[in-house]
Amino acid sequence: MKNIQSAAANRRLGFIFIIISAASFGVMPIFARLAYTAGAEPVTVLFLRFAMAAVVMNLIMVASRTPYPRGLILLELILLGAIGYVGESLAYFLALKMASAGLVALLLYIYPALVTALSAIFLKEHLTRIKIVALFLALSGTALTLRISSGGSLLGILLGIAAAVDYAIYILLGSRIVRRSSPLGSTTVIITSTAGVYAGIVAMRGVTYPTVSTGWIAIIAIALISTVLAFGGGAGKKRQVARQEKAGHAGE
């Protein structure tokens with residue numbers, strides 16, 4: 001009985017973390033457009049976003065005395081951030097410059113359907129009828145929206161789709177890598193390695209900072225709300241799943 005109550009509590013907390021993460025990511029396009037309006041360029045926004053978030057995440061790691069990943073898993077996490085998340089975030093933020101925030105967000109959120117399709121193709125996961133219907137409805141709805149939408153250029157739409165594809169691949173690879181490390185440690189390494197790549201980019205091409213305070217406020221919000229809090233919600237969800245699995249095994 002105790003294990004059942006614990007599993008239910010973990011499930012509720014997991015849902016809360018999912019909502020926090022989704023809401024935090026969901027407001028990011030609004031903040032990004034505010035930063036652009038204030039004169040900042042996408043690469044500068046991304047550099048500041050991940051640099052600020054990396055500082056906060058590493059401070060949390062030190063304060064909580066959480067050990068950093070080591071060895072092969074550390075290298076895999078660095079590559080996941082430096083290649084996977086850099087590609088997704090760059091395509092997404094460039095798309096926000098060329099299309100409406102609503103359209104780009106819609107395009108990104110076809111990634112669950114893409115994850116399902118890619119899992120079936122490459123991981124040989126079984127597609128149930130419900131999954132097939134959901135996949136068809138998701139892609140059909142996106143196609144219909146693209147036909148009636150006039151909120152962006154063709155390049156912006158293609159970048160939005162590229163961001164969704166990249167994120168789906170990131171999710172598939174990340175699900176196999178992150179499970180071998182602590183959620184906080186893996187998140188910190190991914191964010192820090194992403195920040196490192198953008199630091200190199202801005203070192204070569206320069207930065208274009210916001211010219212008014214609202215731009216800086218928007219960038220800080222992206223870093224703290226749409227990165228630290230959003231990733232933290234995802235990490236919290238992973239912890240609850242792990243606890244639920246342990247509770248389940250203990251009751252067997």
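In percent, rounded to a whole number, the relative contact order of segment 2-250 is 48, using alpha-carbon pairs under 8 Å and six or more apart. Using the Karplus relation 6.51 cos²θ - 1.76 cosθ + 1.60 with θ = phi - 60°, the per-residue 3J(HN,Hα) values for segment 22-38 come to 5, 5, 5, 5, x, 8, 4, x, 5, 4, 4, 5, 5, 5, 5, 4, 7 Hz, with x marking Gly and Pro. Computed from backbone phi with θ = phi - 60° and the Karplus coefficients 6.51, -1.76 and 1.60, the 3J(HN,Hα) list for segment 207-218 is 10, 10, 7, x, 9, 10, 5, 4, x, 5, 4, 5 Hz; x is used for glycine and proline.
The overall shape of segment 66-124 is oblate: from the C-alpha gyration tensor, with semi-axes ordered a ≥ b ≥ c, the ratio a/c is 1.5 or greater and a/b is no larger than b/c. Between Leu127 and Phe15, full extension at 0.36 nm per residue minus the direct alpha carbon distance yields a gain of 37.9 nm.
Put +1 on the Cβ of each Lys and Arg and -1 on the Cβ of each Asp and Glu in segment 93-222; which of Tyr111, Ala221, Val202 then has its Cα farthest toward the positive end of the dipole? Positive-end residue among those listed: Tyr111. Think of segment 2-250 as having a plus end and a minus end, set by charges on the Cβ of Lys, Arg, Asp and Glu; of Ser182, Leu154, Ala168, Ser182 sits farthest toward the positive end of this dipole.
Amide H contacts under 5 Å for Gly152: Ser100, restricted to partners 5 or more places along the chain or on a different chain, H placed in the peptide plane at 1.01 Å from N. Dipole size of segment 116-209 about its Cα centre, with +1 on Lys/Arg Cβ and -1 on Asp/Glu Cβ: approximately 240 debye, rounded to the nearest 20. Computed from the Cβ-Cβ distance with R0 of 30 Å, the FRET efficiency linking Asn58 to Ser213 stands at 0.65. Here segment 2-250 is assigned +1 on the Cβ of each Lys and Arg and -1 on the Cβ of each Asp and Glu. Its dipole about the Cα centre then comes out at about 880 debye.
The numbers here are math on the coordinates, done by the rules we state, and not lab data. Since the model is a prediction, treat every value here as computed from it, not as a measurement. No Cβ is skipped: glycine too gets one built from the backbone with ideal geometry, and neighbour counts run over all protein chains shown.
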